[in-house]
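Undergrad: I'd like to ask you about the structure that follows.
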Amino acid sequence: MSATAANTPQAAEKDLKIGMLLLKLRTFIALILVCAYFSFMASNFLSMANMVIMVKHVAIYAFLAIGMTFVIVTGGIDLSVGSIVGLAGMVAGGLLYKGLHLPMFGVTIYFHLPMVILITLIVGALCGAVSGLLITRLKVAPFIATLGMLYIARGAALLLSDGKTFPNLVGNEALGNAGFPWLGSGAILGVPVSIWILAVLGVFAAYVAKKTPLGRHIYSVGGNERAAVLSGVRVNRIKMIVYMFSGLCSAIAGLVIASQLEAAHPATGETFELTAIAAAVLGGTSLAGGRGTIGGTIIGAFVIGVLGDGMVMMGVSSFWQMVVKGLVIVAAVVVDQFQRNLQSKAALQGK
Amino acid sequence: MTESKTGEVILRAERITKIFPGTVALSEVDFSVYRGKVNVLVGENGAGKSTLTKILAGVETPTRGDLILEGEKVRIRSCHDAEARGIGMIHQELNLFPNLNVAENIFIARELTTGGVHIDYREQVRRAAKLLERLQAGFDPEAQVADLRIGQQQIVEIAKALACDARILIMDEPTSALSQDEVEVLFKVIEDLKAHGVSIIYISHRLEELVRIGDSISVLRDGKMVEQARMRDIDVPWIVSRMVGETTHKERSREDRVLAGEALRVENLRLPREGGGYTVDHISFTLKKGEILGVYGLMGAGRSEMFECLMGLHKEAKGAVYLDGEDVFASPVDAHIRKGMALIPEDRQREGLVQALSVADNMTLSSLWKFVKGFHLMGEKLKAAVTAMIKDLSLKTSGQNAPIGSLSGGNQQKVVIGKALFTSPKALLMDEPTRGIDVGAKGEVFDIMNHLADQGIGILFVTSELKEIMAISDRIMVMSKGRVTGMFDRKDATEEALVAASAAGHKPVEHTSLQ
């Protein structure tokens, strides 16, 4: 059986390999092309200041897309991330701005800043946990469970302030909660904090995906859930973890945005879930589950972010921006399908 | 060759060559289909049987070569084209719509309509009922396909082919999911079709079956036609020797050995069935260390369900299961695996493998806990272990990171076996481990089983093939309708006794078998 493949001309095989490599790196190549184009068209595109601003924009989407990638790899979807961004911002903003008011004791508690951040992260993870419970225990389809969470979290965000913005979140030295804006505008070693967070989160997620049993289990659940169950993978636990992680990532994004603006608005993060999904898909994550990488997703987020910022700098109308983004996403999936076909052909050759 | 003696050729493939990118699937193949006969096509997996039949059915087009139908050179461009010329195919994988009912499935894409728009539902049901009656199916044409057993679905597939009045009917492994009773019915249908002048191309791995039903036989090996012969001139060893080539197939059997200690003890295991009764009906047995206990039974005898209960997959199951003396019954699947119970599931593709993962990732999926330090997977250790396992199993792969889909069926099965072995099992549950793999790979799987048993692993082994179970088992347990209906030592087991026991749980059947 395998002997028949041996007489393939070496050259053709090599061509195929190069072709496959180019296809695999396509998102990266696209990113380079997009960067090259804009640096040519917009003079200050390549300036350090502009680069930093762009990466800070990208970081927000990348946080969400990293969490989303794990969810999609298990074969699920998380539509609630944008709403959790809004809710997280409002929770943090509320705790800083008006504290936690407990009418039955007649007191208002102001937490220290680290506590505020921790509570916000926990709220994000809890939102994910609720989605996860609906999906694993009550067998609700991920699309529906997280669609519900999308509305619930957004509603909760609006309820927290009655739809108003929490302004001026600089905190108060006397209350011990000052310093919140540092998250959004501070820097370590000259690099903005949010970019550090992206680096740490990205490396952590990529490590989990590649080098831990948890990562393998996540891929196996999306690749073939039945086989995963029979192999002793605790599928429900894995699903809980990915939705909670996605919620946590959303909360991080919410904190960073609120900190950058020094204000929390309940409508923050609307349609972010779609950008996050687009970034993951651009990066090669398969919506059918089982395939996707963190590196690819981050590059995907960069493509979307750079494309958006570059077009703004060139003065492209926002309506055209949307059309272009849509085309890029669809093109990415078309190329992805093409690569799949090529891959299965190569696999056939292997036989 | 013996064409003149066998009869008139209705369809002839001449010098068919099919080249896929990088591989020659068929090379200069000549193949004759005789009118009103059962034309058997055999070969190991990857020999090119499926490619050849797909060309005849219009699914693939040949790179070179001619098809001559009734003396006239034809080109078959699509399935639809083939159907119009009276060539029908029953695919190995079921191509049914579980969300539609039986009649709707039978007439899919050729609905009976009035005015081309309105489906004549009642006429469809009436004709479907007639077809099902002819096939002695015993289920309702308005039943949802999703509610049917696999064997029954296979019958729907056959009815579908019959519905379009095929002159030439290609059957690719039609019996792989059928019970013995259903096989008998199918054979009767085949006789009936032959009498009506329908020519049948029949593919199966079950060699005894071929000898019984076939009129002529063609053997493919590595994409080439090795030999065509009349069935009455040859026998099973002839087929095997032509299929595998020079390597002779030696009869594998186990020596009688002294067994010590119990690996697995099952007491009163039962799984309630929806709507009363039990799918697994109060089963008790002991599996000794180093013993191969064969489990024989028909489709639906509850063998796979018993395995699932043993693994802890059914919460509603009751009973007691002791693994190496320890009660493991209530623990979840992953705890079962860690304690030393491993399952090799029946359906490799759906239950055994994760297609998106590589050979190495699939192999180690159940045993990652062995390669972990804290939270970290030790890549080097894992790689070395996989390399050793690939060597132990003489697995043929282009590398441990090769995609699982690039392996042949037999090698994929070895990956599943490797996955189970990585968990260091004390009791190994193998559900039809030789299903759908070729003769050579089957022999290798048996060798592996023998080797494992020698190391003291208790093996519980389910198969539907009598010859297999007689050759490899130390003891044979027969199940029927969820109950144990026979327990034989290898010395006392006869094929007749096993078959009789496997039917014991069935009520007196309405339709007795022919012959």
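Undergrad: When we measure straight from the Cα of B:K396, which aspartates and glutamates land under 17 angstrom away, once same-chain ones fewer than 8 places off are left out?
TA: Within the straight-line cut-off, B:K396 pairs with B:E44, B:D222, B:D361, B:D438, B:E444, B:D447.
Undergrad: Further, regarding this structure: Roughly how crowded by other chains is peptide A:234-242, in terms of the mean Cβ count from those chains within 10 Å of each of its Cβ atoms?
TA: 1
Undergrad: While we're on this one: Just to compare against my own numbers: the Cα pair-distance distribution for chain B, 20 Å bins, whole % per bin, please.
TA: Reading the bins upward from 0: 20, 52, 26, 1.
Undergrad: Also, I was wondering about something else. Give the long-range amide H neighbours of B:L343: residues separated by 5 or more places, or on another chain, with amide H under 5 Å away, using H modelled in the peptide plane at 1.01 Å from N.
TA: Those lying under 5 Å, H to H, from B:L343 are B:L429.
Undergrad: Compare A:M311, A:M48, A:M20 in a GNM of chain A, Cα atoms joined below 10 Å, and give the one with the largest fluctuation.
TA: The residue that fluctuates most here is A:M48.
Undergrad: Something else now. Can you find, among B:V354, B:A388, B:F97, the residue sitting farthest towards the positive end of the charge dipole of chain B, where Lys and Arg contribute +1 and Asp and Glu -1 at Cβ?
TA: It is B:A388, whose Cα lies furthest towards the positive end.
Undergrad: Using a cut-off of 12 Å between beta-carbons, work out the net charge of the residues near B:E123 (Lys and Arg +1, Asp and Glu -1, B:E123 not included).
TA: +2
Undergrad: OK, next. Using only Cα atoms and rounding to the nearest 10 degrees, what angle (0 to 90) does helix A:235-261 make with the longest principal axis of chain A?
TA: Taking Cα atoms only, the helix is inclined about 60 degrees.
Undergrad: Which percent, to the nearest 5, of DSSP beta bridges fully inside chain B are antiparallel?
TA: For chain B, the DSSP antiparallel bridge percentage is about 60.
Undergrad: Enumerate the amide H contacts of B:L26 below 5 Å, restricted to partners 5 or more residues apart or on another chain; note that Pro and chain-start residues carry no placed amide H.
TA: HN-HN under 5 Å from B:L26: B:K18.
Undergrad: Roughly speaking, what % of Cα-Cα pairs in segment A:43-315 are separated by over 27 Å, rounded to a whole number?
TA: Beyond 27 Å sits 38 percent of the P(r) for segment A:43-315.
Undergrad: Ok, one more. Which distance in nm do the two modelled labels at B:F139 and B:D120 give, with both placed 7 Å along the Cα-to-Cβ direction?
TA: 2.7 nm
Undergrad: By the scheme Lys and Arg +1, Asp and Glu -1, what is the net charge of all other residues having a beta-carbon under 9 Å from that of B:S199?
TA: +4
Undergrad: How tilted is helix B:121-134 with respect to the longest principal axis of chain B? Cα atoms for both, answer in degrees (0 to 90, nearest 10).
TA: On a 0 to 90 degree scale, this one is about 70.
Undergrad: Antiparallel DSSP bridges in the protein assembly as shown: what percent, to the nearest 5?
TA: DSSP beta bridges in the protein assembly as shown are roughly 60 percent antiparallel.
Undergrad: Same structure, new question: Provide the per-residue ³J(HN,Hα) series for segment B:35-42, in order, calculated from phi with Karplus coefficients 6.51, -1.76, 1.60 and θ = phi - 60°, each as a whole number of Hz, with x at glycine and proline positions.
TA: Values, residue by residue: 5, x, 10, 9, 9, 8, 10, 10 Hz.
Undergrad: Here is a follow-up. With r as the distance between the Cβ atoms of B:V372 and B:H196 and R0 = 51 Å, compute the FRET efficiency 1/(1 + (r/R0)^6) and round to 0.05.
TA: Calculated transfer efficiency: 0.20.
Undergrad: Which aspartates and glutamates does B:K73 reach when only Cα atoms under 13 Å apart count, and residues fewer than 8 places away in its own chain are ignored?
TA: B:E14
Undergrad: Enumerate the amide H contacts of A:L169 below 5 Å, restricted to partners 5 or more residues apart or on another chain; note that Pro and chain-start residues carry no placed amide H.
TA: The list, which skips near neighbours in sequence, is A:A263.
Undergrad: Here's another thing I want to ask about it. Let me know the longest stretch in chain B that avoids all chymotrypsin sites (Phe, Trp or Tyr not before Pro) found in a DSSP loop with at most 16 other C-beta atoms within 10 Å.
TA: So the longest stretch without any such site is B:140-374.
Undergrad: Also, quick follow-up: Could you tally the net charge around B:S50, taking each other residue with its Cβ under 10 Å from the Cβ of B:S50, Lys/Arg +1 and Asp/Glu -1?
TA: -1
Undergrad: Assuming a ≥ b ≥ c are the square roots of the Cα gyration tensor eigenvalues, decide whether segment B:99-256 counts as rounded (a/c under 1.5), prolate (otherwise, with a/b larger than b/c) or oblate.
TA: Prolate, since a/c reaches 1.5 and a/b exceeds b/c.
Undergrad: Okay, next question. Can you sort B:M311, B:M487 so the residue with the fewest Cβ neighbours within 10 Å comes first?
TA: The most exposed by this proxy come first: B:M487, B:M311.
Undergrad: For segment B:3-244, what is the relative contact order in percent, using Cα pairs closer than 8 Å and at least 6 residues apart in sequence?
TA: Relative contact order of segment B:3-244: 28 percent.
Undergrad: Over 32 Å between Cα atoms, which of A:K14/B:K391; A:K164/A:K239; B:K37/B:K414; B:K224/B:K381 qualify?
TA: A:K164/A:K239; B:K37/B:K414; B:K224/B:K381
Undergrad: Mind listing the phi-derived Karplus ³J(HN,Hα) values for segment A:100-111, rounded to whole Hz, using 6.51, -1.76 and 1.60 with θ = phi - 60°, and x for any glycine or proline?
TA: These are the phi-based 3J(HN,Hα) values: 9, 8, 10, x, 5, 9, x, 10, 10, 9, 9, 8 Hz.
Undergrad: Return the tail of the calculated pair distribution for the protein assembly as shown, meaning the percent of Cα-Cα pairs more than 46 Å apart.
TA: Result: 38 percent of Cα pairs exceed 46 Å.
Undergrad: In whole angstrom, how far apart do the alpha carbon centroids of segment B:370-429 and segment A:24-102 sit?
TA: Rounded to whole Å, the Cα centres lie 39 Å apart.
Undergrad: Still on this structure, I have one more. Given labels modelled 7 Å from the Cα in the Cβ direction, how far is it in nm from A:R226 to A:F204?
TA: For the pair A:R226/A:F204, the computed spacing is 3.7 nm.
Undergrad: Can you give the calculated 222 nm mean residue ellipticity of chain B, where each DSSP H run of n ≥ 4 adds -39,500 (n - 2.57) and the sum is split over every residue, rounded to the nearest 500 deg cm²/dmol?
TA: My calculation for chain B gives -9000 deg cm²/dmol from helical runs alone.
Undergrad: Shape of segment A:3-159 from its Cα gyration tensor (a ≥ b ≥ c, root eigenvalues): rounded if a/c is under 1.5, otherwise prolate when a/b > b/c, or oblate?
TA: Oblate, because a/c is 1.5 or more while a/b does not exceed b/c.
Undergrad: Tabulate in residue order the Karplus-calculated ³J(HN,Hα) for segment B:480-492, using 6.51 cos²θ - 1.76 cosθ + 1.60 with θ = phi - 60°, rounded to whole Hz; enter x for Gly and Pro.
TA: So the J values, rounded to whole Hz, are 8, 6, x, 10, 7, 10, x, 9, 10, 7, 4, 5, 8.
Undergrad: Grab the DSSP H runs of chain A that are 4 residues or longer, score each as -39,500 (n - 2.57), total them, divide by all residues and round the 222 nm result to the nearest 500 deg cm²/dmol.
TA: Helix contribution divided over all residues of chain A: -24000 deg cm²/dmol.
Undergrad: What distance in nm lies between label points placed 7 Å from Cα along the C-beta direction at A:Q321 and A:D15?
TA: Going by the 7 Å Cα→Cβ label model, 4.3 nm.
Undergrad: Still on this structure, I have one more. Of the cross-linked pairs B:K318/B:K426; A:K17/A:K56; B:K49/B:K188, which ones have a Cα-Cα span greater than 28 Å in the structure shown?
TA: Violating the 28 Å limit, Cα to Cα: A:K17/A:K56.
Undergrad: Within 10 Å of each Cβ of A:205-212, how many other protein chain Cβ atoms are there on average?
TA: Mean number of neighbouring Cβ atoms from other chains: 2.
Every number here is computed from the coordinates shown, using simple stated rules; none is lab data. Computed from a predicted model, the values in this text were never measured in an experiment. Here Cβ is always computed from backbone atoms with ideal geometry, including for glycine, and neighbour counts include all displayed protein chains.
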